[in-house]
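Pasting in a structure now, in structure tokens, and then I'll have a few things to ask.
The values are calculated or read from the model by the stated rules, or taken from the named source; none is laboratory data. Since we're looking at a predicted model, the values are computed, not measured. Please note: Cβ atoms are built from the backbone with ideal geometry, for glycine as well, and neighbour counts cover all protein chains shown.
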Amino acid sequence: MLITIIAGAFVLGVVILVHEFGHFIVAKVSGVFVKTFSVGFGKKLLKKRFGDTQYALSALPFGGYVKFAGEVDESTDDAPAEEPPSGEVPDREISPEKYFRNKRVLIKSAVIVAGPLMNFVLAIFIYTGIYNFQGIRVIPTTTIGHVIPDSPADSCGLQVWDEILAIDGKQVANWGEVNDAILEDWDSAKRFEVLRGGEKIDIGFKGKVKDNRISLGFLPHIPAKIGQVKRDAPAYKAGMRTGAIIEAINDTSITSYYEIEDVIHPRPGIPLVIQWSFDGEAHVDTVVPEAKKILKEGSKTELRIVGQIGVGPYYERKQVGFLKAVQMGSTAAYRMTAEILSFLKLLFTGKAGLDSLGGPILITQMAGDMARWGFNYLLYFLAFFSINLCIFNLLPFLPFDGGHLVLFLYEGAAQRRVNRRVREILTQVGFALIILLMTFVVIMDISRCAGTSPGLF
């Protein structure tokens, strides 16, 4: 529980603080008078004024806020007001030309967009750091370990244990080269030269697009060697650690990681006798898989319950240069953004239900879950959540940043400000919808914890 709380506070705190820092730094550069920049919310525990701005450390360490001079109804944040605002410069002592509301539309828009943009930059920074310091996964084989039924690979006759020797006459030495050869002009038919039972076979192959994804239907052979072990999971409690090799489950011989999944996934809550070895020492333990919800194969929204013992496959890693890491980090952030936008499309078109959403409880649970896998997994989740915050903040509804941006752009086009009463009504409606949505997702979070359905709709 403590790990979950700390991980949740870390994720929420970092993404919100980075978001507010984006507003803060662009406002400063643009000549907006920043009255307060606070780390955390609530009562100010420590505060110190440097120059024009009061910097504060507040009681609740979940992010922070920025307070501008002359915000009125055009605030980018709903910062908690203090009576009196001790240590802050009162508006009457500030030149009106430094008021946020009196700045040009371009400046106000830049200040607004800077928050979500910083969240996107944070994701790129995290992905780049992971690639730069940990390198990339390398699968030093071209042997097929799993073929998905009714997939393009299954249809063309590829089989488990086929070794891919060449694609369109070009030899491949590892799985990365297999992927590169397929994705290059991916929508054209390919010729695979494979080795099966000592005999070379020529097979025609063509992938297809499903739900905006390229579907191939086959995966590499990965040995039954454990790469990651989730803290406090059944495998961890049994003593398994990184480098352990699973040799048999219920007397069924295991030769690849996919066979581990094939045996464990259908058996949540059912005791399994696992034979495994570590550092040359043999072990036999009875392990009970936990019931977990994961996405159905090929689906972005449908879930299924499977058994899991908390292990992940082992991968070798290859170091890459900094510029390559930046390129890969940017690509990873772009792809994650595309995935989230694709999900939003499903949500708004009714193809995904509101029960697919999660609130602060689920976010905290997921952060704790990732932390138990390891700090690098928590960083991946931090990047994912930061992109989520970026996208949702750009939705064109008040009080999101996107809603303020739409109003500023309207003001620029119409050359007049939006009526204050209209702005208040739009903000109140927006807040009401957010409260309604948050109430729903919190109920969903609680129902997930209790393992029940809320039965609201």
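How many residues are over 13 Å from ALA248 (Cβ atoms) and touching a strand residue (DSSP E or B) at 6+ places or on another chain (Cβ under 7 Å) if we restrict to region 271-285?
Step one: list which residues in region 271-285 are over 13 Å from ALA248 (Cβ atoms), which gives 271, 278-281.
Checking which are touching a strand residue (DSSP E or B) at 6+ places or on another chain (Cβ under 7 Å) leaves us with 271.
Final tally of qualifying residues: 1.
Restricting the search to region 221-275, which residues are part of a helix (DSSP H, G or I) and farther than 20 Å from ILE294 by Cβ?
LYS237
When region 214-234 is examined, which residues are found to be under 16 Å from SER277 (Cβ atoms) and over 25 Å from the mean Cα position of the chain (by Cα)? Working first, answer last.
At the first step, the residues of region 214-234 found to be under 16 Å from SER277 (Cβ atoms) are 223-227, 229.
Selection gives PRO223, ALA224, LYS225.
Here is a further query. Criterion first (in contact with a Ser or Thr (Cβ under 7 Å, 6 or more places away or on another chain), among the small types (Gly, Ala, Ser) and modelled with pLDDT of 85 or more) does GLY321 satisfy it? Outline the logic, then answer.
Values: in contact with a Ser or Thr (Cβ under 7 Å, 6 or more places away or on another chain): no; among the small types (Gly, Ala, Ser): yes; modelled with pLDDT of 85 or more: yes.
No.
Exactly one of these conditions fails for ILE107: (1) closer than 24 Å to ALA56 by Cβ; (2) at pLDDT 50 or above; (3) β-branched (Val, Ile, Thr). Give me its number.
Condition (1) is where ILE107 drops out.
When region 173-197 is examined, which residues are found to be part of a loop (DSSP other than H, G, I, E, B) and of a type in the set (A, V, I, L, M, F, W, C)? Before you say what the answer is, go through the steps one by one.
Taking region 173-197 first, the residues part of a loop (DSSP other than H, G, I, E, B) are 173-174, 184-189, 197.
Scanning region 173-197 gives ALA173, TRP186, ALA189.
If you don't mind, another one. Can you list residue pairs whose Cβ atoms sit under 7 Å apart, with the first residue in region 107-131 being under 10 Å from ILE387 (Cα atoms) and the second being among the charged types (D, E, K, R) and part of a helix (DSSP H, G or I)? Count only pairs 6 or more apart in sequence or on different chains.
Filtered contacts from region 107-131: PRO116/ASP401.
Can you pull out every residue in region 162-178 that is within 14 Å of HIS221 (Cα to Cα) and either of a type in the set (D, E, K, R) or exposed (fewer than 15 other Cβ atoms within 10 Å of the Cβ) (or both)? Break it down stepwise before answering.
Step one: list which residues in region 162-178 are within 14 Å of HIS221 (Cα to Cα), which gives 162-164, 173-176, 178.
ASP162, GLU163, ALA173 - these are the residues of region 162-178 that are within 14 Å of HIS221 (Cα to Cα) and either of a type in the set (D, E, K, R) or exposed (fewer than 15 other Cβ atoms within 10 Å of the Cβ) (or both).
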